[in-house]
Structure formats: C-alpha cells, structure tokens
C-alpha cells in the first residue's frame, strides 16, 4: 500500500514538472498547475512541498530563472525581453526575483558570466 502511494506521488510530480516545463513561459501559477493535473491547489502544494521541499510556485520560479540565465549567457536580448520570454508579467518582478536568487541584477550577472567565459577561453588557449 505504501509503495502505491509513493508511486502515485512520483507520477503526480512528473505531471506537475511536465506542465511547468511546457508552460513556464506563460503566465501560470498554482491554480493552473492544479487544474492541469486534476487536484486541488491546497492538496497539490502540500504534496509538492512535502516531496521536494519547495512549493509549486517555487518550481515555476526556478524554471523561469534557469531559462533566464541561459538566455543571458547565450543571447544579446535585453533583460526586459528575457523577462517577457520567460513568463514574467513585469520586468520589475523579474528583476526582484533574479536579485533575490543571485544577489545581483541580470545585467551584472551577464557581465560576470562573460568575464568567466573569456577567462576560461584564455586558460584553454594558454594550455593548448
């Protein structure tokens, strides 16, 4: 019986993460995820937090910020454009969440990453 509960929870988490992955770039929240997987928001957020240590909304933010970092590294899109691409309703909210997570602005983070990449390239060239 316990094994079936664990399997059901894992299957549900898989559905949750699949929905977040497919939709993070849109304006989604707990209610949207709960509706997509067929559970109440209260039950779903409790289950996800118990299983992962983080609520559904935290996972949405995590996915958006991961994509934002990729875009900051790999494109020349502005931080405001990246905010929109990754599903943030306002650039200000994106900037606040980014600063909370990384301790700096998206623009400063991009510059740091560029310096790291240049330094890494120089190290490789020196050892070639």
| query | What list do you get for 93, 88 if you sort them by fewest beta carbons within 10 Å? | reply | 93, 88
| query | What does the helix-only formula give at 222 nm for the chain: each DSSP H stretch with n ≥ 4 adding -39500 (n - 2.57), the total divided by the residues, and the result rounded to the nearest 500 deg cm²/dmol? | reply | -25500 deg cm²/dmol
| remark: Label model pair residue 104, residue 75: point-to-point distance (7 angstrom along the Cα→beta-carbon line) in nm is 2.1
| task | Obtain the nm distance between the two label points defined at residue 17 and residue 35 by a simple spin-label model: each point lies 7 Å from its Cα along the Cα-to-C-beta direction. | result | 2.5
| note | Between the Cα axis of helix 2-23 and the main Cα principal axis of the chain, the angle (0 to 90°, nearest 10) is 50
| For the stretch 39-84, what log10 I(q)/I(0) values come out of the Debye formula at q = 0.23 1/Å, with one point per alpha carbon and no solvent? | -0.73
| field | 0 to 90° range, to nearest 10: angle between helix 106-126 axis and the chain longest Cα axis | value | 60
| What number, in percent, do you get for the relative contact order of the chain if the mean sequence gap of Cα pairs under 8 Å and at least 6 apart is divided by its residue count? | 20
| field | Separation of the residue 7 and residue 84 label points, Cα + 7 Å toward Cβ, nm | value | 4.7
| Taking springs between alpha-carbon atoms closer than 10 angstrom, which of 63, 49, 110 fluctuates most in the Gaussian network model of the chain? | 49
| message | So if I take the alpha carbon set of the chain, get Rg, then get Rh from the Kirkwood formula, what is the Rg over Rh ratio? | response | 1.11
| In degrees from 0 to 90, rounded to the nearest 10, what is the angle of the helix 56-74 Cα long axis to the longest principal axis of the chain? | 20
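No lab work stands behind these numbers, since they all come straight from the coordinates. On a predicted model such as this, the values are computed, not experimentally measured, just so you know. Glycine also receives a Cβ, built like all others from the backbone with ideal geometry; neighbour counts cover every protein chain displayed.
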